[in-house]
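Undergrad: What follows is a structure written as structure tokens; I'll ask about it next.
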Amino acid sequence: MSKTRNFLLGIAAGAAIALGGLLNIIVKTYLTGDVAIIGKLLGSALFPVGLCLVCFLGFNLFTGKIGYLLDKKNEKYPLTLLIMYAGNFVGAVLFGAICYLIFKNVPDIYATAKTIAVNKTSTLNTAEGIFTNLGGALLCGVLVYTAVFFFKKFKHPVLKVIGILIPIALFVYLGFDHCVANMFYFAFALEDLSPWLILNLVLATLGNSLGAIVVNEFTRVAK
């Protein structure tokens, strides 16, 4: 695959994940109060739309590919991943910036996006918060790898969707950090960016990567 094609498919993947994030935000915005738990559940269940688009349309998502790093004998694969990550960043941030321009005058939706973004960085000024974020990101990597594994393993489209839905909805519900989703959330909350966002993205990227790589190695050794 050419570098340009890889980058463009990375942009598409970043935008797809951002779409899932937007659906999550909209549902959480309007299902509040006594039905807030339903909003959280439904938002988590809609977020996987993004990974479904990635998997069924063949987009290039860093967190879906990083798990196979140690399997690849091609010395160019790390560069492929880096280009993919850059594409994901562009796609997610552009989608987030567009959402900011569209929804900045819709107070309820923007407030939800801001709350999610702020919560991602609010505890990073302590060692405990850093380890909590990293641990959540690692578990997110495990769950994303699991979703991609099920997509590849199952033959029937319905089973493929279910295989993606359950692990992805779980990490969203539990509030684990996904580096590409966070790129979108931070771009959406443009007026309330935290100086801790770089650390969050570093931790999320590292945790997502380690989680996926570890579970891939475990399944490979267990065969």
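The values are calculated or read from the model by the stated rules, or taken from the named source; none is laboratory data. Since we're looking at a predicted model, the values are computed, not measured. Using ideal geometry, Cβ is built from the backbone for each residue, glycine included, and neighbour counts are taken over all protein chains shown. Ligands, DNA and RNA are stripped out before the accessible areas are found, and what is left, the full protein with its side chains, is counted by its heavy atoms. Shrake-Rupley method; radii C 1.70, N 1.55, O 1.52, S 1.80 Å.
Undergrad: Given q = 0.13, 0.15 Å⁻¹, what are the Debye log10 I(q)/I(0) values for the range 42-167, with equal point scatterers placed on the Cα positions and solvent ignored?
TA: Computed log10 I(q)/I(0) values: -0.72, -0.94.
Undergrad: Using only alpha-carbon positions, what ratio does the radius of gyration of the chain give when scaled by 2.2 N^0.38 Å?
TA: With N residues counted in the chain, Rg over 2.2 N^0.38 Å equals 0.97.
Undergrad: Here's another thing I want to ask about it. Picking from Cys99, Gly67, Ala16, whose Cα lies most toward the positive end of the charge dipole for the range 1-101 (charges on Cβ: Lys, Arg +1; Asp, Glu -1)?
TA: Ranked along the dipole, the leading option is Gly67.
Undergrad: With n ≥ 4 as the cut-off for DSSP H runs, can you work out [θ] at 222 nm for the chain, using -39500 (n - 2.57) per run divided by the number of residues, rounded to the nearest 500?
TA: -26500 deg cm²/dmol
Undergrad: On to the next question. Using alpha carbons only, how many angstrom separate the centre of the range 85-155 from the centre of the range 171-188?
TA: Cα centroid to Cα centroid, the span is 1 Å.
Undergrad: If you line up the long axis of helix 197-222 against the longest principal axis of the chain, both from Cα atoms, how many degrees apart are they, to the nearest 10?
TA: Helix 197-222 and the main axis of the chain meet at about 40 degrees.
Undergrad: Now for a different question. What area, in nm² and to one decimal, does the C-alpha convex hull of the range 129-211 cast on average over all directions?
TA: That works out to 5.7 nm².
Undergrad: Let me ask something additional. For Lys104, list the aspartates and glutamates whose Cα falls under 12 Å from its own Cα; do not include residues on the same chain fewer than 8 positions away.
TA: Reachable aspartates and glutamates: Glu191, Asp192.
Undergrad: So what is the accessible area of the range 20-171 per residue, in Å², with the probe set to 1.4 Å?
TA: Solvent-accessible surface per residue comes out at 51 Å².
Undergrad: Okay, moving on. Which one, Tyr77, Leu139, Ala117, projects farthest toward the positive side of the charge dipole computed for the range 67-146 from Cβ point charges (K/R +1, D/E -1)?
TA: Tyr77
Undergrad: For a quick check, take a GNM of the chain with Cα springs below 10 Å and name the residue from Gly96, Gly211, Gly175 with the largest mean-square fluctuation.
TA: Its mean-square fluctuation being the largest, the pick is Gly175.
Undergrad: Moving to a separate point now. Farthest toward the dipole's positive end in the range 128-210, which of Tyr185, Val161, Leu206, given Cβ charges of +1 (Lys, Arg) and -1 (Asp, Glu) about the Cα centre?
TA: Towards the positive end, the residue furthest out is Val161.
Undergrad: For the chain, with a Gaussian network of springs between Cα atoms less than 10 Å apart, report the residue from Ile37, Ile130, Ile26 with the top mean-square fluctuation.
TA: Ile37
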